[in-house]
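Peer 1: Below you'll find the structure I mean.
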Amino acid sequence: MAFHSSKAHKSTAGRGWGRRGGVWWPKDHNPQVPESTTIDVLIPALNEEKSIGHVLDAIPDGWVRRVVVVDNGSTDQTAVVAREHGAEVVFEQQRGYGAACLAGLRHLAHDPPDIVTFMDADFSDHPNELPRVVEPILNDGVDLVIGSRTIGQNEPGALLPQAVFGNKLACFLVEVLYGYRFTDLGPFRAVRWSSLQLIGMEDEDFGWTVEMQVKAAKMHLSAVEVPVSYRKRVGVSKITGTLKGTVLAGHKILYTIFKEYLDP
Ligand SMILES: Nc1nc2c(ncn2[C@@H]2O[C@H](COP(=O)(O)OP(=O)(O)O)[C@@H](O)[C@H]2O)c(=O)[nH]1
Ligand SMILES: [Mg+2]
């Protein structure tokens, strides 16, 4: 993983000219490393020592300034392996996907990037697709890009049936209530730093991904999807692979969609 450093990028966040979801098909099949935009990666991780090294090694050279792994109280060697593979490690005591992401953002805020990219630590996402995920921001002034596993290449069984169903239901409700069309609440995503400040993320657990999408919609930011690939994770799922995780995540996602809709 080679780091790339550069000057600040002019933000278009807040203009409100946005595209209301929908697919942004990759235009450039050989995208160049941006010269004047900084991209940082944030990876929440809980006991992912077997996969985190693969994730970090697969981030394409030259595209990323810093990678921050937020260790949420792992009892294995996640932090050690992450450091060995070039990441900065931040610790967050409070459990929860969102709490870990918020801790990572507080860390980045000391020297913020132009774009922050999120991905999971379980090697389900394909980090080599990062250029595709940031391309709409770099080349088209978009605020938020969701990597959609639904329209991308999926290894059979990588997305569990309960995740497929939950995503479909959530995306249907988001379209009906907010008028933004998404096909996934996927973890692999990129957002302009300045837009993320406007969005004002708060969720500390399973509502994190959908909160970002519905708040972007409420603010009329431009949001698009790009197809991303997804494979079976290394190790055992803690969220959609468990009954408790599925029930809690499903409940929190639906709650967030309605709460944000009713909240002026
Ligand atoms: N920081 C943090 N990360 C978590 C927590 N639970 C899961 N994760 C991470 O979130 C990602 C998704 O979790 P995963 O178990 O793969 O759930 P699935 O994708 O629904 O099967 C992985 O990178 C996990 O390491 C948590 O409580 N805190
Ligand atoms: Mg996973």
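Each value in this text was obtained by applying a stated rule to the coordinates, not by laboratory testing. As the structure is a prediction and not an experimental result, all values here were calculated from the model. Counting neighbours? That spans all protein chains shown, and the Cβs are built from the backbone with ideal geometry, glycine included.
Peer 1: Are any residues in region 207-244 among the hydrophobic types (A, V, I, L, M, F, W, C) and either surrounded by 24 or more Cβ atoms within 10 Å (Cβ to Cβ) or closer than 18 Å to PHE182 by Cα (or both), and if so, which ones?
Peer 2: TRP208, VAL210, MET212, VAL214, ALA216, ALA217, MET219, LEU221, ALA223, VAL224, VAL226, VAL228
Peer 1: Would you please list the contacts, defined by Cβ atoms under 8 Å and residues six or more apart or on different chains, that run from a residue in region 165-183 that is more than 21 Å from GLN153 (Cβ to Cβ) to a residue that is hydroxyl-bearing (Ser, Thr, Tyr)?
Peer 2: Close Cβ pairs (under 8 Å, with a partner that is hydroxyl-bearing (Ser, Thr, Tyr)) amount to VAL174/TYR180; LEU177/TYR261; TYR178/TYR261.
Peer 1: Could you grab me the full set of residues in region 14-73 that are among the hydroxyl-bearing types (Ser, Thr, Tyr) and either outside any loop (DSSP other than H, G, I, E, B) or surrounded by fewer than 18 Cβ atoms within 10 Å (Cβ to Cβ) (or both)?
Peer 2: SER36
Peer 1: Exactly one of (1) without any contact (Cβ under 8 Å) to a residue 40 or more places away in the chain; (2) more than 25 Å from ASP203 (Cα to Cα); (3) within 16 Å of ligand 1 (Cβ to nearest atom) is unmet by GLU35. Its number?
Peer 2: (3)
Peer 1: If you go through region 128-138 one residue at a time, do you hit one that is part of a strand (DSSP E or B) and surrounded by fewer than 23 Cβ atoms within 10 Å (Cβ to Cβ)?
Peer 2: no
Listed here are the residues, each with its yes/no results for (1) more than 21 Å from VAL64 (Cα to Cα); (2) of a type in the set (Asp, Glu); (3) away from ligand 1 (no atom under 16 Å from the Cβ).
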{"position": "ASN128", "(1), (2), (3)": "no, no, yes"}
{"position": "GLY147", "(1), (2), (3)": "no, no, no"}
{"position": "ILE151", "(1), (2), (3)": "yes, no, yes"}
{"position": "ASN154", "(1), (2), (3)": "yes, no, no"}
{"position": "VAL176", "(1), (2), (3)": "yes, no, yes"}
{"position": "TYR180", "(1), (2), (3)": "yes, no, yes"}
{"position": "TRP193", "(1), (2), (3)": "no, no, yes"}
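Peer 1: Pairs needed: first member in region 238-255, under 20 Å from ASP122 (Cα atoms) and among the aliphatic types (A, V, I, L, M); second member anywhere, assigned to a helix (DSSP H, G or I) and near ligand 1 (Cβ under 8 Å from one of its atoms); C-beta distance under 7 Å; at least 6 residues apart or different chains.
Peer 2: Sorted first by the residue in region 238-255, then by its partner, the pairs are ILE239/GLY245; ILE239/ALA249.
Peer 1: I would also like to ask the following. Could you please let me know if GLU260 is within 29 Å of ARG192 (Cβ to Cβ), acidic (Asp, Glu) and away from ligand 1 (no atom under 16 Å from the Cβ)?
Peer 2: So GLU260 fits the description; yes.
Peer 1: Of all residues in region 234-250, which are under 20 Å from the mean Cα position of the chain (by Cα), of a type outside the set (S, T, N, Q) and more than 11 Å from ligand 2 (Cβ to nearest atom)?
Peer 2: Within region 234-250, LEU248, ALA249, GLY250 meet the criteria.
Peer 1: Here's another thing I want to ask about it. Taking the residues in region 81-95 that are assigned to a helix (DSSP H, G or I) and touching a residue at least 24 places away in the same chain (Cβ under 8 Å) as candidates, determine which candidate is nearest to ILE39 (Cα to Cα).
Peer 2: ALA82
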